[in-house]
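Shown next, in C-alpha cells, is the structure this report addresses.
Since every read-out is calculated from the coordinates, none of them should be taken as a lab result. All figures in this text were calculated on a predicted structure; none of them were measured in a lab. Here the Cβ positions follow ideal geometry from the backbone for every residue, glycine too, while neighbour counts run over all protein chains shown.
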Amino acid sequence: MKHTTLRDLDVSRIGLGTMGMSFGYTGAGSDDAESIRTIHRALELGVTFLDTAEIYGPYANEELLSRALKGRRDQVVLATKFGMISHTGGGPGQLDSSPANIRSAVEGSLKRLGTDHIDLYYQHRVDPNTPIEDTVATLAELVAEGKVRHIGLSEAGPETIRRAHAVHPVTAVQSEYSLWTREVEERVLPVLRELGIGFVPYSPLGHGFLTGSIRSPEQFDATDWRRTNPRFMGENFRRNLALADEVRAIAAAAGLTLPQVALAWLLAKGEHIVPIPGTKRVARVEENTAADGVELTAEQIAKLDNLPPAAGDDHNEEQMRLIER
Ligand SMILES: NC(=O)c1ccc[n+]([C@@H]2O[C@H](COP(=O)([O-])OP(=O)(O)OC[C@H]3O[C@@H](n4cnc5c(N)ncnc54)[C@H](OP(=O)(O)O)[C@@H]3O)[C@@H](O)[C@H]2O)c1
C-alpha cells in the first residue's frame, strides 16, 4: 500500500470508512465479528487510516473500533468527528460546535475509542450558530493539550476553510466526492491546493451505487438511509442505473472491477486526495484496497470525467441545508 500525506499527516493512499458497520446502511450492526475481521484485514493490507464519528450509531461505531483496535492502536491514524450531537441540551442531530460542546464531545470520543489522543478530529458540519474561529480556537487548545493531533472540517465551503485555517492549520477537509458527486472540483479543491490542505473524499463509491451491486431499492432494509436519498428513488434510480452501466463498461475494458475504477479515478485527481471507501466485509476491503495499484490511462480518465451527471441531489433537502458549497 502506498502512502501519502494530508498536510503533514502520513496516511495510507486509501483509508477505510467504518460508518456502515454500525449505522445508515442495510445490515449495519448485524455482524460485528465480520466488521472487526474487515478492520483487521485492512490493517494487514497496509491501510492505516480509519474514519468514524460520534454520530455513527450514535456512539456504537467508535466502541466497535475500540474493540477492533485493542493492542493495535499505534498502527492507525484514527479520525473521528464531533458537532452533529449537542451535549449541551440539543441531543443527536442538533448541530453544535460550541466550545462547551466540543469539550464534552472529545472526552466521550476518547473514552469510547479507548485512547488518549485522536489523530484527526473533524468538525462534522459547519455550525451556523458558532463562529468557526471559536470552534477552531477550542480545537487548537485540544491540540496544545495533546488530546488531538490534527484538525479537520467536513462539508465546509471555501470561506469557512480560509477562516478556520487562519486560526490553526487545517490538516484535511472531508466532503463527498465521487464519479457522481463532483461539486468540490470547482471551488473547494482549488482552495485546498492553495493552502496545502489534504482532501478526504467520503462516500467514494456513491454509497455503494457505483459498485454496480445495487440494482433495486428493494435491496435496502426499511431503515436504510438510502431510501430517503433522491438518487436512490423512483425515476432517478432507474436513470442512475445507466450511469453505473457506463462505469461497468469502462471497468470491463480495463480489466478492473467497478469499485476499483471509481477509486482509481479519485486517486488520479491528486496526490493528497485520500478516499475512505466503506465496507463491513473482508472480501470487499481486499477488492477496494487493491485499487491502490491501479493507474488509469489518460483516455480512461477522460471517459470517466465525461460520464453523464447523476439524476437527483446527493442528499435530501434537509441534509443539503447542512452542506456548504
Ligand atoms: N463526513 C461525512 O459527512 C460523511 C458522510 C458519509 C460517509 N462518511 C464516511 O465515508 C465512509 C465511506 O462512505 P459510505 O460508506 O457512505 O459510502 P461508500 O464508501 O461510497 O459506499 C459504501 C457502500 O458500498 C458497499 N461496498 C463497498 N465496497 C464494495 C464492493 N467492493 N462491492 C460492492 N459493494 C461495496 C458497502 O456495502 P457493505 O458494507 O455491505 O460491503 C456500502 O453499502 C463512511 O464509512 C464514513 O466513514 C462521512
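So the values come out like this:
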item	result
Theoretical gain in end-to-end length, residue 40 to residue 316 [0.36 nm per residue, Cα-Cα removed]	96.0 nm
The chain: calculated mean residue ellipticity at 222 nm from DSSP helix runs of at least 4, using -39500 (n - 2.57)	-11500 deg cm²/dmol
In nm, spacing of pseudo-spin labels at residue 88 and residue 246 (7 Å Cα→C-beta vector)	4.6 nm
Square roots of 5 times each gyration tensor eigenvalue, C-alpha, region 1-73, largest first, Å	22, 13, 11
Footprinting exposure proxy for 207, 315, 117 (fewest neighbouring C-beta atoms within 10 Å first)	117, 315, 207
Length released on extending from residue 254 to residue 306, taking residue separation times 0.36 nm less the Cα-Cα span	17.1 nm
Descending Cα extents along the principal axes, region 45-122, whole Å	40, 21, 17
Nitroxide proxy distance, nm - points 7 Å out along Cα→Cβ at residue 137 and residue 70	4.3 nm
Alpha carbon convex hull of the chain, volume per residue in cubic angstrom	119 Å³
Whole-number Å³ per residue for the convex hull built on Cα positions in region 179-323	123 Å³
